[in-house]
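Just below is one structure, and these are the notes that go with it.
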Amino acid sequence: MIMNPVELLTSTHALLAHQVRLTIMATLASTTEPTEFAELLNTLNLTKGNLSAHTQKLEEAGLIRVTKEFVGRKPRTTYLCTDLGRQEVRNYLSKVEGLLRQTQESVRDV
């Protein structure tokens, strides 16, 4: 069954449509260990404010869990992908793979 590309991608979680949030989710979904703020900041080459704003949206949607604590006297923030977050990343990847297969088949037919 051929699916409209817009339908295909709008059936994924809306927050994953943004490149930065998708990159954050892909990074966090690739591990079961918490990732520290500084590590995520350096890996993704984002500003502190940009990372904070995007992770807040992902946390509010239940896609990631944010833990803030003090280690000694220093604050430490870590991020962990939730089960829902992993499920949404898998769904997104499945839809994109389907769109790419569909497009590849269409291009061959032209």
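So the values come out like this:
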| quantity | calculated |
| --- | --- |
| Any hit, the range 20-36, residues being hydrophobic (A, V, I, L, M, F, W, C), assigned to a helix (DSSP H, G or I), more than 11 Å from the chain's Cα centre (by Cα) and surrounded by 12 or more Cβ atoms within 10 Å (Cβ to Cβ) | no |
| Residue ID - nearest to Ala14 (Cα to Cα), chosen from residues in the range 66-110 that are surrounded by 17 or more Cβ atoms within 10 Å (Cβ to Cβ) and among the charged types (D, E, K, R) | Glu88 |
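Quick note: the coordinates plus some simple rules give every number you see, no bench work behind them. Note that the structure is predicted; figures quoted are calculated from it, not measured. Counting neighbours? That spans all protein chains shown, and the Cβs are built from the backbone with ideal geometry, glycine included.
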